[in-house]
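Taking it in order: structure first as structure tokens, then the write-up.
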Amino acid sequence: MLTRVWGYDAFRGQQAEVIDTVVGGRDALVLMPTGGGKSLCYQVPALVREGTGVVISPLIALMHDQVDALEQLGVRAAFLNSTQTAEERRAVERGLLAGELDLLYLAPERLPAVAGLLDRARIALFAVDEAHCVAQWGHDFRPDYLGLTLLHERWPGIPRIALTATATAQTREEIVRNLRLEDARVFVSSFDRPNIQYRVGPKQDARRQLLELVRTEHEGEAGIVYCLSRASVERTAQWLAAQGVPALPYHAGLPAELRRHHQARFLREDGVVMVATIAFGMGIDKPDVRFVAHLDLPKSIEGYYQETGRAGRDGLPSTAWLAYGLQDVVQQRRMIEDGEGDRQRKRAQTLHLDAMLALCETVQCRRQQLLRYFGEESGPCGNCDTCLSPPESFDGTVPAQKLMSTIVRLARERGQQFGAGHLVDILLGRRTERVVRMGHDELTTFGIGTELSEAQWRGVVRQLLAQGLLQVQGGYGVLALTDAAGEVLRGQQEVRLRRETEREPSPRRPRAG
Ligand code: ADP
Ligand code: ZN
């Protein structure tokens, strides 16, 4: 089937084992990185087994392309989702009942409506794609996925295969529980993407830093640039284009026609840089994306891993580059605070953000930390910024104490809110209008921090946040001490800090082998 339909010579990784399991009628849970070849794990069994393989997928926008691609291989495929007319849906339903479909893609919210139809059809298997969406604790929860327990309850004899590219141990447990996959065979591939070089640096002038990356390392190559907001997507794309980089914007607020057009150009032309919100990328199969750049801090490690995973699917050297600053942390906290969801949800989002922050501020190998997050142990990789230019660390206890005692003093002024900028002004002894008006030039900590530059102080704040010694209170970037800070203030605990260089670490090629 693999050679006849797809023209490939051999299965990759665990594909053959997964396929045997499902063809044999057993359930499977497959954790494989993006680009690992998950689709074949259910497509081949769907063709081998009698009946139609029903694929539950949240990626409605991609169903059309997925079905087109399968049809070009001679596979009989169709989809059912809310973008179709009643008539189109009826035609698909007729095909299903007549046994003329190998694969049927289904949006999760349509399942209740088509359950009666599926009863009358012959079903080869159920595949649940992007299975992490069923985890409430995860980063991409979709309530409709909870309804997928119906698959097991209503059609207990039909094998189910759940697939995802991101799952911590906790998310994995939730997938098993919520999809009733207790008897499934679990396949975990390594999440390592050795050809991707991970780099994280402080944000100064993000667009210029990005332009330098493109010019010095990725001139004329395809890349994806992620921004948090639609407005910054458009501004960045315009600015890059003005600098001669063939950049296109992509976000959910653009007309569907334009989005399709930009996506098609990105896929077909060489060297297009897509500037996008995270609305772009899921399911995009472009092998030669040479870099993924984040101009804003991702919300979670899962998101970061998934987004950077779009680089280098062809296995050739690629760059994952991230610039972030204190403002990102403040902004993200505010978004969590002001966002929807109950307290538990917000707590989960906060923990996700904290883990991401810790990854950014680590002095250890980034890959090691990334893989550990997904439950995989490994040694230092030699192909990330901290391995290539190990950050110098220093005893930062005294600077931390200076910063903390300034925060303590300001906290006594009720009704006033001071962010990091004001703190740094005080430590550097700057008589700004606000400092003078508030009488903060009278504080004992005024001007006691001139041994560090402003950028270095901001680095101290970020690192103390990442180490859980400071927290951002409310949505306005007000800094407060955590309980753990007491020991540092009393001199009972040392703080190790990374020395901030004024520039981000200069890129170097990975060593051979
Ligand atoms: P995932 O869904 O895990 O991100 P895909 O299923 O889209 O990955 O596969 C990634 C790419 O690898 C696709 O272009 C696919 O055709 C290709 N591929 C998958 N399995 C094989 C194989 N056994 N041999 C050759 N190419 C493969
Ligand atoms: Zn490393």
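The values are calculated or read from the model by the stated rules, or taken from the named source; none is laboratory data. Bear in mind the structure is a predicted one, so any value in this text is a computation, not a measurement. Cβ sites come from the backbone with ideal geometry, for glycine too, and all protein chains shown count toward neighbours.
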For segment 291-325, name all the residues that are in a loop (DSSP other than H, G, I, E, B) and under 30 Å from Ala455 (Cα atoms). Leu295, Asp296, Leu297, Pro298, Lys299, Ser300, Gly325
Have a look at Gly53, Gly25, Gly13, Gly37 and point out the one that is in contact with a strand residue (DSSP E or B) (Cβ under 7 Å, 6 or more places away or on another chain) and either within 8 Å of ligand 1 (Cβ to nearest atom) or small (Gly, Ala, Ser) (or both). Gly53
Scan of segment 420-457 for residues that are basic (Lys, Arg) and either within 18 Å of Leu481 (Cβ to Cβ) or out of contact with any helix residue (DSSP H, G or I) (no Cβ under 6 Å at 6 or more places or on another chain) (or both), ordered by number: Arg430, Arg434, Arg437
Test for Arg372: is it among the charged types (D, E, K, R), at pLDDT 85 or above and away from ligand 1 (no atom under 16 Å from the Cβ): yes
Ala135 vs. criteria within 16 Å of ligand 1 (Cβ to nearest atom) and either modelled with pLDDT under 95 or touching a strand residue (DSSP E or B) at 6+ places or on another chain (Cβ under 6 Å) (or both): no
Suppose the filter is out of contact with any helix residue (DSSP H, G or I) (no Cβ under 7 Å at 6 or more places or on another chain) and either outside any helix (DSSP H, G or I) or farther than 26 Å from Gln331 by Cα (or both); does Gln197 pass it? yes
Return the residues of segment 442-459 that are in a loop (DSSP other than H, G, I, E, B) and surrounded by fewer than 17 Cβ atoms within 10 Å (Cβ to Cβ); say none if nothing qualifies. Thr444, Gly447, Thr450, Glu451, Ser453
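Listed here are the residues, each with its yes/no results for (1) surrounded by fewer than 17 Cβ atoms within 10 Å (Cβ to Cβ); (2) away from ligand 1 (no atom under 16 Å from the Cβ); (3) within 17 Å of Gly138 (Cα to Cα).
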site: Tyr304; (1), (2), (3): no, yes, yes
site: Ala311; (1), (2), (3): no, no, no
site: Ala323; (1), (2), (3): no, yes, no
site: Val330; (1), (2), (3): no, yes, no
site: Glu340; (1), (2), (3): yes, yes, yes
site: Met356; (1), (2), (3): no, yes, yes
Pairs under 7 Å by beta carbon, first residue farther than 15 Å from Ala107 by Cα in segment 64-88, partner outside any helix (DSSP H, G or I), six or more apart or different chains? Leu70/Ala77; Leu70/Leu103; Glu71/Ala77; Val75/Asp102; Val75/Leu103; Arg76/Glu100; Arg76/Leu101; Arg76/Asp102
Considering only segment 385-422, state which residues are within 16 Å of ligand 2 (Cβ to nearest atom) and in a helix (DSSP H, G or I). Asp385, Thr386, Cys387, Leu388
Exclusive hit being touching a helix residue (DSSP H, G or I) at 6+ places or on another chain (Cβ under 7 Å), within 23 Å of Val330 (Cα to Cα) and in contact (Cβ under 8 Å) with a residue 24 or more places away in the chain, set Val408, Val478, Val461: Val461
Residues Leu80, Leu101: which one is in contact with a Ser or Thr (Cβ under 6 Å, 6 or more places away or on another chain) and over 26 Å from Arg313 (Cα atoms)? Leu101
Kindly list the number of the only condition in (1) surrounded by 16 or more Cβ atoms within 10 Å (Cβ to Cβ); (2) in contact (Cβ under 8 Å) with a residue 12 or more places away in the chain that fails for Pro390. (1)
So, in segment 325-364, of the ones that are more than 16 Å from ligand 2 (Cβ to nearest atom) and of a type in the set (S, T, N, Q), which residue ends up farthest from Ala135 (Cα to Cα)? Gln327
Could you list, in sequence order, all residues of segment 373-387 that are buried (at least 19 other Cβ atoms within 10 Å of the Cβ) and touching a residue at least 60 places away in the same chain (Cβ under 8 Å)? Tyr373, Phe374, Cys381, Asn383, Cys384, Asp385
Exactly one of Asp183, Asp192 is touching a residue at least 60 places away in the same chain (Cβ under 8 Å), within 16 Å of ligand 1 (Cβ to nearest atom) and either in contact with a Leu (Cβ under 6 Å, 6 or more places away or on another chain) or not small (Gly, Ala, Ser) (or both), and that residue is Asp192
Single unsatisfied condition, Val18 versus (1) away from ligand 1 (no atom under 16 Å from the Cβ); (2) touching a residue at least 60 places away in the same chain (Cβ under 8 Å); (3) touching a helix residue (DSSP H, G or I) at 6+ places or on another chain (Cβ under 7 Å); (4) not polar (S, T, N, Q): (1)
On the basis of being away from ligand 1 (no atom under 16 Å from the Cβ), at pLDDT below 95 and farther than 26 Å from Leu40 by Cβ, does Ala247 make the cut? no
Cβ contacts < 6 Å: first residue part of a helix (DSSP H, G or I), restricted to segment 347-364; second residue modelled with pLDDT under 85 and among the small types (Gly, Ala, Ser), any location; separation 6+ or different chain. Result? Leu357/Ala466; Ala358/Ala466; Glu361/Ala466
